[in-house]
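Would you mind keeping the following structure in view while I ask a few things?
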Amino acid sequence: MVLFRTLLVVIFLAIVGYTAIVVKNHGMGLLPVFFGDMAEMAWPGQFNLDFMCFLLLSAVWVSWRHEFSGVGLLLGLIAFFGGALFLSIYLFILSFMVKGNIDALLLGPSRA
């Protein structure tokens with residue numbers, strides 16, 4: 001679990017650092033670039049579509065883990081828009097809440 005938590009911290013810090021540089025150099029115009037690449041039907045757009053599907057799967061999993069409760073749906077929405085930045089924090093905190101129990105981490109406390 002220590003290695004997993006370390007990976008989550010590294011992911012979080014890498015994304016925060018990279019995002020800060022991109023925002024400084026290019027501003028906050030993510031969505032037009034993201035969907036513009038998809039509209040061009042080229043490899044950057046294919047990657048964005050693939051990534052968006054991962055975001056959707058992440059959102060559904062987070063919502064499912066919370067049994068599609070109001071909180072679960074809200075967290076799922078945050079997971080979709082927050083990506084790995086959100087998921088790294090979410091899993092890091094949960095890893096302590098479930099005391100390192102990977103079944104409870106992945107399935108939720110009621111299913112573990």
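Laboratory data are not the source of any read-out in this text; all were calculated from the coordinates shown. Everything numeric in this text was worked out from a predicted model, so none of it was measured. In this analysis, Cβ positions are derived from the backbone assuming ideal geometry, glycine residues included, and neighbour counts consider all displayed protein chains.
Counting only residues that are hydrophobic (A, V, I, L, M, F, W, C) and assigned to a loop (DSSP other than H, G, I, E, B), how many does region 47-74 have?
Number satisfying all stated conditions: 1.
Let's see how each residue does on (1) among the aliphatic types (A, V, I, L, M); (2) crowded, with 17+ Cβ neighbours inside 10 Å:
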{"position": "Pro32", "(1), (2)": "no, no"}
{"position": "Ala42", "(1), (2)": "yes, no"}
{"position": "Phe47", "(1), (2)": "no, no"}
{"position": "Phe51", "(1), (2)": "no, no"}
{"position": "Gly76", "(1), (2)": "no, yes"}
{"position": "Leu91", "(1), (2)": "yes, yes"}
{"position": "Leu107", "(1), (2)": "yes, no"}
